[in-house]
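*Asks:* Just dropping this structure here.
The values are calculated or read from the model by the stated rules, or taken from the named source; none is laboratory data. The model shown is predicted, which means the values in this text are computed figures rather than measured ones. Please note: Cβ atoms are built from the backbone with ideal geometry, for glycine as well, and neighbour counts cover all protein chains shown. SASA here: full protein model, heavy atoms, side chains in, ligands and nucleic acids out. Shrake-Rupley method; radii C 1.70, N 1.55, O 1.52, S 1.80 Å.
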Amino acid sequence: MFPIRRNRRLRTNEAIRSLVRETIISPNDFLVPLFVVEGSGVKEEIASMPNYYRYSLDRLKEEVKLLWSLGLKSVLLFVKVDDALKDNRGAEALNPNGLMQRAIKTVKEVCPDMLVMTDVALDPFSSFGHDGIVENGKIVNDATVEVLAEMSISHAEAGADFVAPSDMMDGRILGIREALDQSNFIDTGIMSYSAKYASAFYGPFRDALDSAPVDMQNVPKDKKTYQMDFANREEAIRETEMDINEGADIVMVKPGLCYLDIVRDVRNSFDIPIAVYQVSGEYAMLKAASEKGWLDHDSVMLEQITSIKRAGADIIASYFAKEVVRLIS
Ligand SMILES: NCc1[nH]cc(CCC(=O)O)c1CC(=O)O
Ligand SMILES: [Mg+2]
C-alpha cells in the first residue's frame, strides 16, 4: 500500500490548488508609500526605484484617486524637503503649512475616506540626515522624542489618521501617545516601526528623499546606534512588547524579506496587527534583475508578497502595491 497519502492530489490543477490555498492577497493588504515634493506638475521617476515617482501636490491628487479606484485605501506619506529648510532639530517638520501638512490635506480633499498615515522621524528634515537631533556625535534620545511628539500633533491637526514613527528612539510611542491624548487626538492611531533594523536595503529610499546621513566629522555615518542590529532576533520581541505596552496600535517589522523569521516570531508572540515594510532595496533588486531578464517580474513579485503575508503580516507596505493589485484583479 505505497503510498497511503498522496499530497500531489491537492496540486493536480489550478482549481484544486486555489481551493486549498492558505494565503490570499487582496487590495486590503496594502499600505501604499507615497513620496511628495514641492512644485507643480511634477511626477519624477526615482532613479534607483524604476516606475516609482515623487509627486507634487497637484499630481498627488491623480495618483490618490487612481489608488482608490484600484481598491487601495491606505497611504503612507513621505516628503522630500529642500536642503535650505533642513536643520538639526527638524524645525520644518512642525511647520503647520509644511509640505507634509499640505500633503495630508490634499489627500483628504480628493479622497476623504483614504486612510492617511504619516512618517514621523527627523531624517527628511535633518541637516545631518539623522532620525534624531545630533549632539556631540550622538543622536540624543529624549530631546528627539519631544520633537516627534510635536510632529505627531501637527500631523494629526492636518488630518492624519495614523502617525508612523520610524525613528527607533526609546520611549517615543509613550511620548507620542500622551501628547496626542493631551491634545485630544484620542482617535489618532500609532503604527510603530517597532523592530526596524539598520539595513543597507534603505539605500534607494534615501535617494528618493535625499535623506542619507551626511559625511561630516562628529556625525555618525550610519543609524546603528538606534536602528537594530540585523544579527538579533530576541531583541525584536523586546522592542515590540515595549511599543505595545506604550500604546502602539499597529507594530511593524522592517525590512521584509530578510526578516520573515522576525515577522513569524512577532506573530506568534502578540495578538496585534502587524505591518511589514517591503523596503526600497527589495523593490530595486527585483526591478533590476527583471530588467536584465534574469527574473520574471510578476511571478517573483507575487511570490514575495505572498511570503510576507504567509509569514504573518496583516499589512504590507510595498512599492509594488499597485502592480500587484492590477495583476490579481
Ligand atoms: N526614518 C526614515 C525612514 N522611513 C522609512 C525608511 C526606509 C524605507 C525604504 O527603504 O523603503 C526610512 C529610511 C531610514 O531609516 O533610513
Ligand atoms: Mg523601541
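*Asks:* Quick one: length gained pulling GLU62 to LEU10 fully straight, 0.36 nm per residue minus the C-alpha distance?
*Replies:* Result: 14.3 nm gained on full extension.
*Asks:* OK, next. Using a 10 Å Cβ count of at most 14 others and DSSP loop calls, identify the longest part of the chain lacking such trypsin sites (Lys or Arg not before Pro).
*Replies:* Details: sites that count: ARG5, ARG6, ARG21, LYS221, LYS224, ARG233, LYS292.
Longest run free of exposed loop sites: 22-220.
*Asks:* Pull up the cross-link candidates among the lysines for LYS105, meaning alpha carbon to alpha carbon under 27 Å and not fewer than 8 places away within one chain.
*Replies:* Partners found: LYS43, LYS61, LYS65, LYS73, LYS80, LYS86, LYS322.
*Asks:* Right, next: If I compute solvent accessible area with a 1.4 Å probe over the protein chains, what percent of it on the chain is carbon and sulfur?
*Replies:* On the way: 7450 of 15070 Å².
About 49 percent, which is the carbon plus sulfur part of the accessible surface.
*Asks:* Restricting to the stretch 19-150, compute how many DSSP beta bridges are antiparallel as a %, nearest 5.
*Replies:* Taking every DSSP beta bridge with both residues in the stretch 19-150, the antiparallel ones total about 35 percent.
*Asks:* So with the 1.4 Å probe, I'd like the accessible area per residue for the stretch 210-282, rounded to whole Å².
*Replies:* Value returned for the stretch 210-282: 48 Å² of accessible area per residue.
*Asks:* Indicate, rounded to the nearest 5 percent, the antiparallel portion of the DSSP beta bridges found entirely in the chain.
*Replies:* The antiparallel proportion sits near 20 percent.
*Asks:* Right, another one. Using only Cα atoms, tell me the angle between helix 234-246 and the longest principal axis of the chain; keep it within 0 to 90° and round to the nearest 10.
*Replies:* Helix 234-246 and the main axis of the chain meet at about 60 degrees.
*Asks:* Toward the positive end of the charge dipole of the chain, about the Cα centre and with charges on Cβ (Lys, Arg +1; Asp, Glu -1), which of PHE230, SER192, VAL145 goes farthest?
*Replies:* Of the options given, the answer is PHE230.
*Asks:* Rounded, prolate or oblate: which fits the chain when a ≥ b ≥ c are the square roots of the eigenvalues of the alpha-carbon gyration tensor, with rounded for a/c under 1.5 and prolate only if a/b beats b/c?
*Replies:* Values: a/c = 1.66, a/b = 1.45, b/c = 1.15.
Cα axes put the chain in the prolate bin.
*Asks:* Under 5 Å between amide H atoms, partner at least 5 residues away or on a different chain: which partners does GLY129 have, H built in plane at 1.01 Å?
*Replies:* VAL214
*Asks:* Tell me, what is the percent relative contact order of the chain, built from C-alpha pairs under 8 Å that lie six or more residues apart?
*Replies:* Once normalised by length, the contact order is 17 percent.
*Asks:* Treating the angle as unsigned and between 0 and 90°, give the value, to the nearest 10°, between the Cα long axis of helix 141-158 and the longest Cα principal axis of the chain.
*Replies:* Taking the Cα atoms of the chain, the angle to 141-158 is about 80 degrees.
*Asks:* So, counting K/R as plus one and D/E as minus one, what does the shell of residues with Cβ under 13 Å around LEU57 add up to?
*Replies:* Combined, the nearby Lys, Arg, Asp and Glu give +3.
*Asks:* Starting from the Cα of ARG267, step 7 Å along the direction of its Cβ; do the same at VAL42; then give the gap between the two resulting points in nm.
*Replies:* Each label point is offset 7 Å from its Cα along the Cβ direction, giving 3.9 nm.
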